[in-house]
Amino acid sequence: MKKLLAWPLVAALFLSGATAFAQGMIADKYRAEMLPRFVSYVQIDSMSDNRAEWMTPGQEKMAQFLYDEIKAFGFPTYFSKDKYIYVNIPSNLKTRKAPKLGLSAHYDTTPDIIGNGVKPQVIKNYDGNPIVLKNNHVINFKSDPYLKNMIGKTIVTSDGTTNLGADDKAGLTIIVTLLQTLAENPKMPHGPIDIVLTPNEDVGRSAERLELEYYHPDYAYDFDGGVNGEVVIANFSADRVVVTAQGVNGHQSYAADNGYLNSVKPIADLIAVAVPTKFLPNHSRGDQGYLEPHHIEYDPVKNTHMVDCRLRYFDPEEGKRYLQGIQHTADSLQQVLGTKITVEITKQYENVAYGVKPEALGLLTAAMKEAGVTPKTQKERAGTTSAMIMAKHGFGGYTVFTGQNNPHAFTEWLSEEDMFKAYKVALNLVKQVAQMNATK
């Protein structure tokens with residue numbers, strides 16, 4: 001009798017193993033699609049710009065390219081007026097309801113470094129020697145110890161005159177290849193899936209015009225992480241703090257009588273008082289936050305000077321102290337100098353740890369282990385699309401590795417193998433969530 005009872009379990013294990021094997025075969029089939037797709041993406045200029053009213057022409061071109069490619073897969077796809085790309089895939093499960101899986105990535109690249117005219121260099125069977133790029137940029141084991149793991153494998157760099165744009169075109173490649181896989185294998189079981197590809201992540205605005213009608217999953221995962229196995233389970237909270245001093249025109253030689261007010265000194269004094277050297281990112285590591293005056297602008301028409309500051313923190317109380325210091329200094333300087341000073345605070349992104357479901361990490365861990373990946377959880381001293389969605393809409397998601405390394409630099413590079421493993425993780429997430437029962 002015991003032997004007879006064991007047979008259903010054996011059969012179930014066999015079917016589970018067969019399913020995993022079949023899914024592995026499917027994944028291997030699409031690996032060849034990924035590198036050419038990535039190379040084509042990085043050659044499209046999609047730098048964001050904080051000075052733009054909304055988005056840059058390059059981002060619009062990138063968005064249109066992605067939309068045309070994705071729409072051809074046949075899934076319900078919505079291209080919003082704000083250039084978000086939403087894909088809403090209905091469940092193909094016949095007998096039950098599963099929770100909704102959400103995946104995201106961003107298609108802009110950082111404005112902090114040249115990102116147009118990218119000339120990707122594909123290095124196959126990497127030999128372990130230093131990689132010398134133009135303008136004396138070098139990628140080697142000293143600067144990138146993880147590079148040692150790439151000997152004999154394929155990596156991609158820029159030519160050294162630009163960044164590469166793997167942040168986050170590796171994430172785009174993973175998600176679009178997943179969509180292709182689901183479209184060409186319609187019998188693969190899956191629950192409902194929401195996908196969003198966003199603009200303006202690198203200027204902190206990727207959730208600003210997000211439409212929850214098209215993206216509101218039960219479990220969200222953002223493909224915008226770094227090396228193999230990396231999972232961001234917590235991240236900086238981020239505020240943009242803009243302090244503006246309003247000058248009054250007049251001839252400086254008669255300022256004692258004509259009401260002339262200088263708008264430079266209040267900003268200079270505020271930086272000196274409210275942002276001492278110890279607050280700068282150079283003196284911050286681990287869980288410590290920082291406050292940095294990022295840039296100063298002068299508007300000759302309005303006669304204003306402004307300083308645009310970046311505030312980052314894990315501890316909300318630390319963030320509050322920084323903000324109180326800025327406001328107190330601004331109020332004091334306004335009283336002493338007579339110059340009108342305003343402080344404007346914009347929440348850019350929030351710690352995702354405040355808004356994820358307890359079982360979300362277990363799902364991701366199982367998906368990674370099935371892909372042969374060892375999860376490495378960490379806190380991220382940065383933010384992603386998930387963190388921006390958390391700030392605006394109150395639900396967070398873990399950030400998953402994509403194979404990008406040393407982003408926002410001329411020496412940025414991509415591991416093709418890690419990108420493929422991340423795709424396998426995404427594929428496994430589809431399966432993991434499809435095996436759950438919806439609670440609503």
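Can you give the % of DSSP beta bridges in the chain that are antiparallel, to the nearest 5?
Around 70 percent antiparallel, to the nearest 5.
Going highest first, how would you order 317-324, 113-120 by mean Cβ packing within 10 Å? Walk me through the numbers before you get to the answer.
Working: 317-324: 14.9, 113-120: 17.1.
Descending packing order for the listed peptides: 113-120, 317-324.
Residues with beta-carbon under 15 Å from that of residue 211, excluding residue 211: net charge, scoring Lys, Arg +1 and Asp, Glu -1? Display every interim value, and only then the final one.
On the way: positive: 81, 83, 205, 209, 392; negative: 82, 194, 208, 213.
Summing Lys and Arg as +1 and Asp and Glu as -1 gives +1.
I need the shape label for segment 155-230. Rule: rounded when a/c is under 1.5, else prolate if a/b > b/c, else oblate, with a, b, c from the alpha carbon gyration tensor. Write out the running numbers ahead of the final one.
Details: a/c = 2.31, a/b = 1.32, b/c = 1.75.
Verdict is oblate for segment 155-230.
What does the charge count near residue 305 come to, summing +1 for each Lys or Arg and -1 for each Asp or Glu among other residues with Cβ under 15 Å from its Cβ?
Its environment carries a net charge of -2.
What list of ³J(HN,Hα) values in whole Hz, one per residue of segment 362-379 in order, does the Karplus curve 6.51 cos²θ - 1.76 cosθ + 1.60 (θ = phi - 60°) give from phi, with Gly and Pro shown as x?
Values per residue, Gly and Pro as x: x, 4, 5, 4, 5, 5, 6, 4, 5, 8, x, 10, 8, x, 10, 6, 7, 8 Hz.
Modelled label-to-label distance, residue 78 and residue 61, 7 Å Cα→beta-carbon offset: nm?
Computed distance between label sites residue 78 and residue 61 equals 2.9 nm.
What dipole magnitude, in Debye to the nearest 20, does the chain give about its Cα centre under +1 on Lys/Arg Cβ and -1 on Asp/Glu Cβ?
1620 debye
For the chain, I need the span (max minus min coordinate) of the C-alpha atoms along each principal axis, in Å, sorted largest to smallest.
The Cα atoms of the chain stretch 102, 52, 39 Å along the principal axes, largest first.
Determine, for each peptide in 123-130, 202-209, the mean count of other beta carbons within 10 angstrom over its residues, then list the peptides with the highest first. If you can, show how the numbers build up before the last one.
On the way: 123-130: 11.6, 202-209: 22.9.
Averaged packing, sorted descending, gives the order 202-209, 123-130.
Please report 157, 277 as a ranked list, fewest other C-beta atoms within 10 angstrom at the top and most at the bottom. Let's see the in-between values first.
Details: 157 24, 277 7.
Placing the least packed residue first, the sequence is 277, 157.
Using label points projected 7 Å from each Cα along Cα→Cβ, tell me how many nm separate residue 320 and residue 377, to one decimal.
For the pair residue 320/residue 377, the computed spacing is 2.7 nm.
Quick one: dipole size for segment 71-190, taken about the Cα centre, charges +1 on Lys/Arg Cβ and -1 on Asp/Glu Cβ, in debye to the nearest 20. Don't skip to the answer; put the middle values down first.
Values: 15 positive and 9 negative charges, 127 e Å.
Approximately 620 debye in magnitude.
Percent relative contact order of the chain, based on C-alpha pairs within less than 8 angstrom and at least six residues apart?
Numbers: 931 pairs, mean separation 98.2, N = 440.
So the answer I get is 22 percent.
Would you mind calculating the relative contact order of segment 238-370 from Cα pairs under 8 angstrom and at least 6 residues apart, reporting the percent as a whole number?
Working: 201 pairs, mean separation 45.2, N = 133.
Reported as a whole number, the value is 34 percent.
Contour minus end-to-end for residue 183 and residue 68, with contour as 0.36 nm per residue of separation and end-to-end as the Cα-Cα distance?
Values: separation 115, 0.36 × 115 = 41.40 nm, distance 1.48 nm.
Once the chain is fully extended between residue 183 and residue 68, it gains 39.9 nm.
Residue 392: which lysines have alpha carbons under 27 Å from its alpha carbon, excluding same-chain residues fewer than 8 sequence positions away?
Once the sequence-local lysines are set aside, what remains near residue 392 is 61, 81, 83, 100, 169, 320, 347, 357, 379, 440.
Measure nothing fancy, just the Cα-based angle from helix 166-184's long axis to the longest principal axis of the chain, in degrees from 0 to 90, nearest 10.
So the helix axis and the longest Cα principal axis differ by about 30 degrees.
Would you kindly derive the ³J(HN,Hα) couplings of segment 350-357 from the backbone phi angles with the Karplus curve 6.51 cos²θ - 1.76 cosθ + 1.60 (θ = phi - 60°), listing them in order in whole Hz, with x for Gly and Pro?
Rounded to whole hertz, the list is 10, 5, 5, 4, 6, x, 10, 6.
By its C-alpha gyration tensor, with a ≥ b ≥ c as the square roots of the eigenvalues, how is segment 52-141 shaped: rounded for a/c under 1.5, else prolate for a/b larger than b/c, else oblate?
Working: a/c = 2.99, a/b = 1.66, b/c = 1.81.
Verdict is oblate for segment 52-141.
Find the Cα radius of gyration of segment 237-349, compare it with 2.2 N^0.38 Å by division, and give the number to two decimals. Write down the numbers at each step before the final one.
Values: Rg = 15.3 Å, N = 113, 2.2 N^0.38 = 13.3 Å.
Computed over Cα atoms of segment 237-349, the ratio equals 1.15.
If each residue's Cβ is checked for other Cβ atoms within 10 Å, how do 312, 37 rank with the fewest at the top?
The fewest-first ordering by Cβ neighbours comes to 37, 312.
Place a +1 charge on the Cβ of each Lys and Arg in segment 295-356 and a -1 charge on the Cβ of each Asp and Glu, then give the dipole magnitude about the Cα centre in debye, rounded to the nearest 20. Intermediate results must be reported in sequence, preceding the final value.
Numbers: 7 positive and 9 negative charges, 14 e Å.
My answer is approximately 60 debye.
All of the numbers you see were taken from the coordinates with simple rules; none came from a lab. Predicted model, so just to flag it, every value in this text is computed and none were measured. Virtual Cβ from ideal backbone geometry, glycine too; neighbours counted across all protein chains shown.
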